[in-house]
Amino acid sequence: MSRTDPAGERLAGLRQRLQGLAYGGDYNPEQWPAGTWREDVRLMREAGVNLVTVGVFSWGLLEPRPGVFDFGRLDEVMDLLAEAGVGVDLATPTAAPPSWLAHEHPQTLPVDAEGRKIAFGARLHFCPSSPVYRYHAARITERLAERYAGHPALAMWHVGNEYVGFGCHCPVSVAHFRRWLADRYGTVDALNDAWGTAFWGQRYDSFDHVGTPAARSRLVSGPNPGQLLDFARFSDTASLECFTAERDIIRRHTPGLPVTTNFMGSFKHLDYWRWAAAEDVVSLDIYAKPYDPEGQLLAAYNFDLMRSLRGGRPWLMLESATGNNLTGGRNSARPAGQLRVRSLQAVARGADSVMFFQWRASRAGAERFHSAMVPHGGTRTRTWREVVALGRDVARLADLVGGSCDPADVAMLWDWENWWALEAPDHPSGDLRFTARILDHYRPLWHANIPVDFAHPHADLSRYRLVIVPNLYLVDDAGADNLTAYVRGGGHLLMSYFSGIVDQHDRVRPGGHPGAFRDLLGIDIDELNPLQIGEAYELHHAGHAGTATDWQDVILLNGAEQLAAYTAGEQKGQPAATRHRFGTGTATYLGTSPDPGTMRRLVLDCATGAGVTPVMDTPDGVEAVRRRAADGTDHLFLLNHTTEEATVDLDPALPWSVDLLNGQAAVADRLRLPPFGAVVLSAER
Ligand code: GLA
């Protein structure tokens, strides 16, 4: 951190104030009579809460009529929290505009691709391009910022809530889209070229003739892929403009306080690389289901993604659930004891906070059955007891604040533009799913305790031993050159099918597939060949038989060697995976979707070949992660996600000496972890 790192300075201020990890949650006192607030503050102290997010959905109460403000209730709450020493992450309430805005200015309501206007009655009912919405959002933000700047409770800012990048099709958005296109392309001929409008004679004569892409139900056949992709980019930008406008107002009043907006992890419609660069600290809402057998794996990859968005800096877990989350269907309770291990998992992977939605369960409204730190049953509940105990654990980890995880040796490429393009219509297969392919590659590494960072295709990859590239369908020249240079310089690459196919406009790269990577991979793909559902072929890899499903590239070797081959079907004897020595590195290519065993062997072989080593071996379901304290002291988290006791053997040569959670000074070489048990071992100093 230095003078040239204002975000770092703002966070240092927050750390100084909290003196430990942040612990708390969303606090919505406006849903309760004032009598409850004192009780809330007393219980917050009992639980060790030091930060609460306030005001997220309070616009209709703070500004009951246009331009008429009532801050009385919020003043009182801020004062109470200040007295109790609880910091406030103050939200601008702009994710839920008041009913008068929708009523008096119906043009602020967004319109979906089918042409339907979204109604008032839930939240997020605003068109991000609407100047009327933006005017009113700026006004309430200005009023809040000027009123609470300098308030002793104010610790940081939370802009809006879970922006979604709503792709709005109202006339104001159409006009905004045209301006955005004119800025991007300069001339309409450049747009025609990028979108390939010679196809079906879609040529435009003026930007004024261009619309937002209509829903498939309003078209006779498939939409223009370039138009779809640019609309996704535009919609992301329109929401980001709303965020930065509020951020800039806040900065004028409180230049020293951090500003964030809460992300939804592996969420499709916002390019969080861009968003992370626009805020001071990345923050996450995570709702991995308690009863999902892969819940901890899904949480881990979201945590790794958040940590990666700002180059490994600590991030904030702003929302998670003490129990169930209302995701539809049957929302089972969290098993007793799981809350602690799932919360510590975030800290292990770089979070400087453990926070929840929400502090006190709502009596009314759509989320009245969502779990909370104070459930409807209050302090008599098991959840409350676990929340209080967790507060004590979190306090014991204060030294970790500001400390980072060591950079991983493995990077996995993650590009939102590729995600948008990959899942667009009219592809050889309609079943390609970006996150499913990411997880297929991430899963074996997580089970083996091998740390992973995520990286943008343009990132400096030189410090990674292995770079994994699942389904990089869209890649621009800079990204392709970056990967090529990485391998030429000695890097190891594992790439899977349907990669390098199109440029940044979703136009097929000329000369055959995999256009951007033919030389790097030393192969040509004669046919892109999705398999029918239920169609499966045996393959052979490293002495093991496996099965190929979903996709089967017809690969011609052109310098690469065969690494795995089909042993049945039309492709019998032909390559399922290849390896190419290129420069001083290697590029491995997987032309199918193999069974989990083959996938595990292939990914781990690539890791071993690249010199990657795991944190340590643990029984399945026990996660081992290392994170440093701010002073550089190493820590080992051992997290038992299972309902069985587990035994972990520690390497006696390593320096682990103190379990921070129970304060005991020495640990044995063999640890017993009870069901959902966790230890955090600190290295000897
Ligand atoms: C999100 C929102 C919260 C709440 C929770 C629980 O994370 O930010 O307002 O709705 O989900 O579902």
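Values quoted throughout were computed directly from the atomic coordinates according to the rules given, and no laboratory measurement underlies them. If you're wondering where the values come from, they're calculated on a predicted model, not measured in any experiment. Note that we place each Cβ from the backbone using ideal geometry, even for glycine, and neighbour counts take in every protein chain shown.
At a glance:
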quantity	calculated
Pairwise centroid distance, computed over Cα atoms, of region 453-477 with region 607-685, Å	30 Å
Computed FRET value (nearest 0.05) for residue 182 with residue 368, which takes r as the C-beta separation and R₀ as 51 Å	0.60
Region 410-609: C-alpha gyration tensor shape, a/c 1.5 cut-off, then a/b vs b/c	rounded
Label-point separation, residue 164 to residue 429 (7 Å along Cα→Cβ), nm	2.9 nm
Near-label residues of region 333-350 by backbone N, under 13 Å of a point 7 Å along Cα→Cβ of residue 643	333-338
Potential extension, residue 389-residue 149 segment - 0.36 nm per residue separation minus Cα distance	83.0 nm
Bins of 10 Å, starting at 0 and running to the largest distance - Cα pair percent for the chain	3, 14, 23, 25, 20, 11, 3, 0
Dipole moment magnitude, nearest 20 debye, region 532-610 about Cα centre, only Lys, Arg, Asp, Glu C-beta charged	300 debye
Stretchable slack from residue 117 to residue 527, in nm (0.36 nm times residue separation minus alpha-carbon distance)	143.3 nm
Signed unit charges on C-beta, dipole axis of region 13-132, positive-most listed residue 121, 50, 13	13
Cβ-based exposure ranking for 52, 282, 622, in which fewest neighbours within 10 Å come first	622, 282, 52
Förster radius 35 Å - calculated FRET efficiency between residue 547 and residue 581 (Cβ-Cβ, nearest 0.05)	0.80
DSSP-defined antiparallel bridges as percent of all bridges, the chain, nearest 5	55 percent
Estimated dipole of region 171-229 in Debye, rounded to 20 [Cβ of Lys and Arg +1, of Asp and Glu -1, Cα centre]	260 debye
Whole-number percent relative contact order across the chain, with pairs defined as alpha carbons under 8 Å at least 6 apart	11 percent
For region 622-683: rounded, prolate or oblate by the Cα gyration tensor [a/c cutoff 1.5]	prolate
Centre separation in Å (Cα based) which lies between region 211-251 and region 69-112	26 Å
Residue 669-residue 447 FRET efficiency (beta carbon distance; Förster radius 22 Å; 0.05 resolution)	0.45
Cα centroid separation - region 488-530 against region 187-204, whole Å	25 Å
For the chain, size of Cβ-based charge dipole, Lys and Arg +1, Asp and Glu -1, in debye	1540 debye
Shape call, region 178-285: gyration tensor on alpha carbons, a/c limit 1.5	prolate
Dipole of region 622-683, positive end: most advanced residue of 639, 683, 673 [Cβ charges, Cα centre]	683
³J(HN,Hα), Karplus 6.51/-1.76/1.60, whole Hz, each residue of region 191-206, x for Gly, Pro	5, 4, 5, 4, 8, x, 6, 5, 5, 6, x, 8, 3, 9, 9, 7
Of the GluC sites (Glu not before Pro) in region 199-308, those whose Cβ has at most 16 other Cβ within 10 Å and which sit in DSSP loop	294
Residue (of 464, 493, 555) at the positive-pole extreme of region 410-609, dipole from beta-carbon charges	464
